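Presented below is the structure to which this report refers.
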Amino acid sequence: MRKLILFQIILDQNKLIYNPGDSIHGQVLIEFREAIKLKFIKIRLFGCAYTHTKSKNRSVIEREVNDCYEFLTFCDRTNAIYGGERDGDGNYTWIPAGAHKFGFQFQLPIENLPSSFDYSSDCYIRYRLEATAERPKERKYETKVEITIKERININLPFLFRAKAPVKRQKNVGWLIWKRGPLKVTSWLNRYGYCPGDKIIINVEIENLTRRTIPYVKAKLLQDVRYVAEGTFEHHDRELAAVHYNRPITGGATMAWTNGEIIIPNLSPTIKCSIIELLYYIKISVKVPFGFNLCVNMPVVIGTMSLRSSSPTSCHNWSNSCISRRTSDASTSSSSCSSSWVSENSIDVENTISYLRSIFDSTRVNDVPAKNNLPPSYDTCMASNTTINDIARAENGDEMIPTYSSVINPSANRQSSSISK
């Protein structure tokens with residue numbers, strides 16, 4: 001008969017979602033059928049990022065595939081919550097049968113603690129609590145519980161709240177009997193930063209000076225996952241939501257698509273660490289018959305601290321109080337990066353990601369503001385208190401799926417919509 005009945009980690013208020021700088025309080029519950037000897041009981045807070053890629057040998061003779069691994073530890077702390085007492089002969093004393101509780105507390109670091117993310121078994125950021133009860137000369141007991149870290153990304157900051165500058169792109173279209181002519185696209189979004197459940201407002205203007213008819217225009221929200229292991233990179237894109245403009249644009253005509261909406265589904269926030277990057281962008285794709293589509297990419301930041309107010313003034317005032325310690329050089333470099341990207345580097349994905357990296361570095365909150373100065377959570381704004389699974393891993397049925405407090409919007413489940421003729 002097994003001596004152990006129950007070995008469990010219980011967190012205060014069953015809380016599983018934490019922010020950097022928070023305190024983790026809980027108890028370790030252990031119950032035995034009969035008296036037992038224990039050396040100690042320890043609990044460990046552990047968080048790490050892990051990546052795995054495959055490196056192919058380019059040699060024609062040796063076509064080898066090498067496995068590459070990268071491991072990054074964010075926190076690793078262990079507390080002894082029970083140390084086995086010894087009697088006069090040096091033997092461990094007996095713990096009586098029944099249930100026993102041992103309290104514990106951990107303080108999470110403020111910096112260098114990215115949000116939980118589980119893309120696959122080859123790319124994840126995980127945090128967990130592990131409890132170990134070791135017996136003398138016998139097998140030890142172990143249990144663990146996964147927790148979710150939600151990094152503070154405040155979309156009330158001025159450069160995330162402001163409207164995006166228009167992005168322009170054009171190409172010459174023509175082939176054989178069709179005379180070449182320019183196809184011009186101008187697109188912009190209502191702002192840079194969003195939270196799950198928000199609406200991304202899309203505006204597109206198209207000037208079709210070709211002889212071809214453009215059948216439709218598509219706008220989609222893409223998730224860009226990039227990770228590296230031992231210098232080998234992996235890159236994956238996935239479409240999360242889309243909306244179509246299905247009115248044909250004849251040659252010589254001009255079209256204005258205003259207030260197109262994409263509702264952001266429940267997903268992980270933007271993440272950036274040294275080996276994993278999770279980024280998002282809106283891709284406008286203009287269908288060109290018998291040719292390559294004309295595309296425009298615009299990065300967005302998915303945050304965890306929702307808009308405090310619809311008034312730009314109130315958001316600006318709150319942001320100033322939170323970033324008063326930032327130097328003027330940092331803000332200058334951020335604004336100069338913004339203007340240069342819009343004018344020159346708004347076409348290809350590589351420069352789009354580079355720009356998003358720069359603005360994301362500026363959104364990190366190094367000093368946690370006082371609680372009474374923080375904007376309300378997304379649950380408070382939307383009058384909802386729903387816990388959802390990360391859609392990146394829900395399809396695979398992995399038990400180690402991070403959860404985020406978010407709003408369940410019925411319209412958010414609609415993956416695509418269209419505007420027809």
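The values are calculated or read from the model by the stated rules, or taken from the named source; none is laboratory data. The structure presented is a predicted model; accordingly, all values stated were derived computationally and were not measured. As a convention, Cβ positions derive from the backbone with ideal geometry for all residues, glycine included, and neighbour counts pool all protein chains shown.
If Met255 meets every condition in (1) within 30 Å of Val65 (Cβ to Cβ); (2) modelled with pLDDT under 90 apart from one, which number is that one? Every condition holds for Met255 apart from (1).
Of the strands (runs of 3 or more DSSP E) entirely within the stretch 132-240, those holding at least 3 residues that are over 20 Å from the mean Cα position of the chain (by Cα) and not basic (Lys, Arg) occupy 141-149, 167-173, 181-189, 199-208. Quick check, is Tyr216 within 30 Å of Ser120 (Cα to Cα) and either surrounded by fewer than 19 Cβ atoms within 10 Å (Cβ to Cβ) or in contact (Cβ under 8 Å) with a residue 24 or more places away in the chain (or both)? No. Taken over the stretch 258-278, the criterion of being under 8 Å from the mean Cα position of the chain (by Cα) and either farther than 17 Å from Met305 by Cα or at pLDDT below 90 (or both) is satisfied by Leu267, Ser268, Leu278.
Counting only residues that are in a strand (DSSP E or B) and of a type in the set (A, V, I, L, M, F, W, C), the stretch 266-308 holds 15 of them.
Of all the criteria given as (1) touching a residue at least 24 places away in the same chain (Cβ under 8 Å); (2) touching a strand residue (DSSP E or B) at 6+ places or on another chain (Cβ under 6 Å), the one not satisfied by Asn293 is (1).
Can you tell me which of (1) out of contact with any His (no Cβ under 7 Å at 6 or more places or on another chain); (2) outside the structural domain of Thr304 (by TED's automatic domain parsing); (3) charged (D, E, K, R); (4) surrounded by fewer than 19 Cβ atoms within 10 Å (Cβ to Cβ) is the one Asp122 doesn't meet? That leaves (1) as the condition not met. The listed residues are Glu239, Glu277, and the only one of them that is surrounded by 17 or more Cβ atoms within 10 Å (Cβ to Cβ) and among the acidic types (Asp, Glu) turns out to be Glu277.
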